[in-house]
Each structure stands twice: as structure tokens, then as C-alpha cells.
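The values are calculated or read from the model by the stated rules, or taken from the named source; none is laboratory data. These numbers were taken from a predicted model, which means no experiment stands behind them. Glycine gets a Cβ as well: all are built from the backbone with ideal geometry, and neighbour counts include every protein chain shown. Heavy atoms of the whole protein, side chains included, go into the accessibility calculation; ligands, DNA and RNA do not. Shrake-Rupley method; radii C 1.70, N 1.55, O 1.52, S 1.80 Å.
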Amino acid sequence: MSEIVFESIYKEIFPFWETISDADREYICRNSYRVTYPKGKNIHDGGECSGVIFVRSGSLRLYIMSDEGKEITLYRLHRGDLCMLSASCVLDSVTFEVFVDAEEDSECCVVSGPAFAAVSGRNPDIRIFALETAVSRFSDVMWVMQQILFMSMDKRLAIFLFDESVRTGSDTIALTHGQIARYMGSAREVVSRMLKYFASEGIVEASRGGVTILDKKRLRELAL
């Protein structure tokens, strides 16, 4: 991908683009690259600086992991979303380790972390943008923690299935029980048991490869 193409992309997604110098714009573009991550690929493994990632297609999952290997999904990124938490060298105030995986084949534009950090050091507008972008995602993180700490499992699962249906525009959720559990920070057995209950109530039809919503009204009532 040429620097001209990067220029046109960044002009649309970075509000500071017109306020920085031509040299800094050229430097960012020169230190950018396009990459396609295959499904299941780990993109960011905790502490290292993987750069600023812009999702052009596909889906990425950000999560934290306990010492025992238990994962809690913080949020997912889709087409048009920007990931700043993978650039730890830019956000040195973020001290916890975040992992990023490709949930499906994903095409991304990546700005080198050290290059972005160097330019942000000369331009306060960039640093403010980076912090605001990261902070804006903490509402998603707090929503996840609120669900885990204060909500029953049936309500959490209903919220997840309903939101996923709205996001995809389909009543069929093409996720395995294990994937759903990973997104919810739960155990696969717990999710399978709750899906079996939903199925017995005629709310969903569950299989190994996915879940089909049969009664969206009742699912929404459970989610409220």
C-alpha cells in the first residue's frame, strides 16, 4: 500500500492530521504498513508495543488474562475501529497488559508504535487524541466488569445474544459455545447449560456451531 493511500485513510480517521507538519505526516505514512491477520492470530501479546491498529475489515478481540490463563474479553473491534491499547509505547500511563487476537481474517493498517510515539511527542494534539481514544473504550470495559460482578448469568447471556444479533443484523449467532464463553469471561459448560435452558423455554435453538434466536421479545425482556 502506497504512502498516498495511507495519507487518504489517515486524513479521514485522524482529526489532528491537518494540524501537524508535512514532515510528520510523511513520517507516519512511511512507517505504516498493511497486514492481513489470519483468524486466530495473536496480534498483541501483552507488554510489547505493536503499534496503532486501524481495522479495515474483519474483527479483533481485546482481552486480559489471569495468571491461571482465564480470559476476560474487554471489547471487540470491527471495520472502521481504531486500537490504541496495542501501542503501549504511546500510552505509557496504561500499565496493565492487554492481548489482541484476530477473531476472523482481518485486514488492518498499522502505524509503527515508536514512530507514532515520536510524532506524538512533538504534537500535543496527537497525544490528546491517543488518550481520548483509549479513555473512550473504558466505558466498554466498565460495562463488562459491571456484568461480571453484578448480573446473573441468564441476563448476561441474553444481553450478549441480543447485542450480537443487533450488531450482525441476523437472528443466527455463528459462534460456538466456547467462543461465547470466552467473550463473556465464563466457562463453556456454564454457557452450554444456560443455552440449554433458553432452548427448553423456546427462546433459542442451540447447536455446536451457533445459536438461532427464536423468540427475540422474550430474549429482550431477559436482557432488560
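Given the criteria β-branched (Val, Ile, Thr) and farther than 22 Å from Ser136 by Cα, does Ile28 qualify? The answer is yes for Ile28.
Annotation: of all residues in the stretch 165-211 being β-branched (Val, Ile, Thr) and open to solvent by less than 40 Å² (accessible area, probe 1.4 Å), the one that is nearest to the chain's Cα centre (by Cα) is Ile180. Please go through the stretch 174-222 and give me each residue that is assigned to a strand (DSSP E or B) and more than 16 Å from Asp154 (Cβ to Cβ), ordered by number. The answer is Glu205, Ser207, Gly210, Thr212. Residues that are surrounded by 17 or more Cβ atoms within 10 Å (Cβ to Cβ) and more than 13 Å from Tyr75 (Cα to Cα) within the stretch 148-164 comprise Arg156, Leu157, Ala158, Ile159, Leu161, Phe162, listed in sequence order. Restricted to the stretch 43-138, the set of strands (runs of 3 or more DSSP E) holding at least 3 residues that are in contact (Cβ under 8 Å) with a residue 60 or more places away in the chain and open to solvent by 70 Å² or more (accessible area, probe 1.4 Å) is empty. A count restricted to the stretch 24-40 and to residues that are assigned to a strand (DSSP E or B) and open to solvent by 50 Å² or more (accessible area, probe 1.4 Å) stands at 3.
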